[in-house]
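First comes the structure, then the notes that go with it.
The values are calculated or read from the model by the stated rules, or taken from the named source; none is laboratory data. Model, not experiment: these values are computed from the prediction. When we count neighbours, we look across all protein chains shown, and the Cβ atoms used for this are built from the backbone with ideal geometry, even at glycine.
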Amino acid sequence: MITRAALQRDLLIVACAVSAGIHAALVPEHLEEGRPAGVAFAVSAVLLAAASAALTRSLSPALLAGAAALLVGLIVTYLLAVTTGVPVLHPEVEAVEGLALFTKAVEVVGVGAAVALLEPGPMFTRPKGTLA
Amino acid sequence: MKTTTQRPIPLALTALVAFFSALAALAVTNGHDAHAHGIDHHHAGAPAAAITAKQLALRNEMRVLAAGTPLTMADTLSTGIIKQFPMRFRTGA
């Protein structure tokens, strides 16, 4: 039977993988808009793929925090892009699109899973007999 | 120290998820692009449909020559309208 923690870990891995794939696919389109935006998308895709791959191999609070921070950063950046624009990377305000909303929804699920995993629980427990 | 009770998703499956996500994203964005280009072509085609008075007169003359029939009332009227209001039509060099 799949435990809650295992499900949350898998959700986080899939969220990072889906977001990585979508960001990678959007690199050429954003390179046409401007080099900084395209490079930012490429860097995001690489970081997400690295986080996803790392999470399949090991699970540590630092890795979970890093993945959560990356996903939150992408969500905040998108919110800025559709409201005020992002200086240097995407100065113009971007139109809201379905694909972007889907990606952000996936990332929100990933953040939720990472936060849940970071809470003290069965995933990170100290062995019996050890002190703090 | 961490303890994991179950194996996570395999790396290969994760890579597949990312790959198919990229494919889906490309399909969606290409669909949007094609739609946008279709609209652009439609708009771009509109000015090309406009003809000059000279072109219309030439077309009418060619029709007469080809069919051996005189100009219809509509042909005569259209040529006349263009000559009456030349500012509404492009004037060919």
Condition first: over 13 Å from B:Ala25 (Cα atoms), surrounded by fewer than 16 Cβ atoms within 10 Å (Cβ to Cβ) and out of contact with any helix residue (DSSP H, G or I) (no Cβ under 6 Å at 6 or more places or on another chain). Now tell me which residues in segment A:21-42 satisfy that. A:Glu32, A:Glu33, A:Gly34, A:Arg35, A:Val39
From A:Ala24, A:Ala5, grab the single residue that is facing another protein chain (nearest Cβ under 8 Å), aliphatic (A, V, I, L, M) and over 15 Å from A:Gly112 (Cα atoms). A:Ala24
Leading residue by the ranking (nearest to the other protein chains (Cβ to nearest Cβ)) among those in segment A:57-70 that are of a type in the set (Gly, Ala, Ser) and part of a helix (DSSP H, G or I): A:Ala62
Odd one out for A:Ala54, checked against (1) touching a residue at least 24 places away in the same chain (Cβ under 8 Å); (2) in a helix (DSSP H, G or I): (1)
Restricting attention to segment B:28-38, does a residue exist that is within 14 Å of another protein chain (Cβ to nearest Cβ), under 16 Å from A:Val14 (Cβ atoms) and at pLDDT 70 or above? no
Hits in segment A:7-49 (condition: of a type in the set (Gly, Ala, Ser) and touching a Cys at 6+ places or on another chain (Cβ under 9 Å)): A:Ala49
Given the structure, is A:Val14 surrounded by fewer than 24 Cβ atoms within 10 Å (Cβ to Cβ), within 7 Å of chain B (Cβ to nearest Cβ) and either in contact (Cβ under 8 Å) with a residue 40 or more places away in the chain or not polar (S, T, N, Q) (or both)? yes
Residue that is aromatic (Phe, Trp, Tyr), at pLDDT 95 or above and on the phi < 0 side of the Ramachandran plot, where the choices are A:Phe124, A:Phe102: A:Phe102
Within segment A:41-55, track down each residue that is out of contact with any Gly (no Cβ under 9 Å at 6 or more places or on another chain) and either of a type in the set (Ser, Thr, Tyr) or within 8 Å of chain B (Cβ to nearest Cβ) (or both). A:Ser52, A:Ala53, A:Leu55
Just a yes or no: is a residue in segment A:22-33 in contact with an Asp or Glu (Cβ under 6 Å, 6 or more places away or on another chain) and either without any contact (Cβ under 8 Å) to a residue 60 or more places away in the chain or basic (Lys, Arg) (or both)? no
Taking only segment A:71-104 into account, find how many residues are touching a residue at least 40 places away in the same chain (Cβ under 8 Å), outside any loop (DSSP other than H, G, I, E, B) and closer than 16 Å to A:Ala40 by Cβ. 4
